[in-house]
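What follows is a short report on a single structure.
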Amino acid sequence: MTFNLTLNWQPHADQQSPRDHTISFGSGQMINGSAASTYQGCATKVNPEESLLAAISACHMMSVLTIAEKKRLTITGYTDQATAALGKNSGNRLAISHIILRPKIEFSDESELDLLGLQKLHHLAHNNCFIANSLSSEVKVTIEA
């Protein structure tokens, strides 16, 4: 399976930020992107660091939903207050040095899990997340009860 997108950047004299661009996904969706404001970007547009964080947060959620379905657990809600930090990697280069996912899952009464069950669910989901398996930086999952 492959995935594709088209990123387009053109210099424009009226552009507020010289880093503004568009990303058109193979699914037909399009977003306006830029660099983080610290790096001459526009703060109201999605930056690459946020995109990476969104990808791993969504991937973890998809893994949780798949596992829950297989275990016949009924999830009625899912939120994640995820964060990513920029820092130096082992090669002393700037990188996303760590990511913290803070998923909070709401279950139907008959599917409620105890803390150990939640830990097992998130551990399994993390191990099966394609995006997490593609990263070299630390990804931590903190369970929000």
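Things to note:
- Here the Debye sum runs over all C-alpha atoms of the range 1-71 as equal scatterers in vacuum, and log10 of I(q)/I(0) at q = 0.18, 0.19 Å⁻¹ comes out as -0.79, -0.84.
- To the nearest ten degrees, helix 115-127 and the longest principal axis of the Cα atoms of the chain are 40 degrees apart.
- Using heavy atoms of the protein chains and a probe of 1.4 Å, the accessible area assigned to Ser134 is about 90 Å².
- Accessible area ranking (1.4 Å probe, heavy atoms, ligands and nucleic acids excluded), largest first, for Arg102, Arg93, Arg72, Arg19: Arg72, Arg93, Arg19, Arg102.
- On the chain, 53 percent of the accessible area sits on carbon and sulfur atoms, based on a 1.4 Å probe.
- Per-residue HN-Hα couplings for the range 107-113 [Karplus 6.51, -1.76, 1.60; θ = phi - 60°; Hz; x = Gly/Pro]: 10, 5, 3, 6, 9, 3, 10
- Summing +1 for each Lys or Arg and -1 for each Asp or Glu among the other residues whose beta-carbon sits under 13 angstrom from that of Pro103 gives 0.
- Added length on full extension, which subtracts the Cα-Cα distance from 0.36 nm per residue, Thr142 to Ser17: 41.5 nm
- Peptide ranges 118-124, 136-142 listed from the most packed, as the mean C-beta count within 10 angstrom indicates: 118-124, 136-142
- Angle in degrees between helix 48-70 and the longest Cα principal axis of the chain, rounded to the nearest 10: 20
- Legend: P(r) of the range 36-145 from all alpha carbon pair distances, 10 Å bins from 0, whole percents, reading 13, 42, 28, 13, 3, 0.
- Helix-derived mean residue ellipticity, 222 nm - over the chain, DSSP H n ≥ 4, -39500 (n - 2.57), to 500: -8500 deg cm²/dmol
- Around Leu7: net Lys/Arg minus Asp/Glu count, Cβ-Cβ under 14 Å: +1
- Pairs beyond 28 Å (Cα-Cα), from Lys70/Lys104; Lys71/Lys140; Lys45/Lys71: Lys45/Lys71
- Virtual spin-label span in nm between Ala54 and Ser37, 7 Å along Cα→Cβ: 1.8
- What the range 17-145 shows is 62 Å² of accessible area per residue, with the surface traced by a 1.4 Å probe over protein heavy atoms.
The values are calculated or read from the model by the stated rules, or taken from the named source; none is laboratory data. Since we're looking at a predicted model, the values are computed, not measured. Cβ atoms come from the backbone with ideal geometry, glycine included; neighbour counts cover every protein chain shown. Ligands, DNA and RNA are stripped out before the accessible areas are found, and what is left, the full protein with its side chains, is counted by its heavy atoms. Shrake-Rupley method; radii C 1.70, N 1.55, O 1.52, S 1.80 Å.
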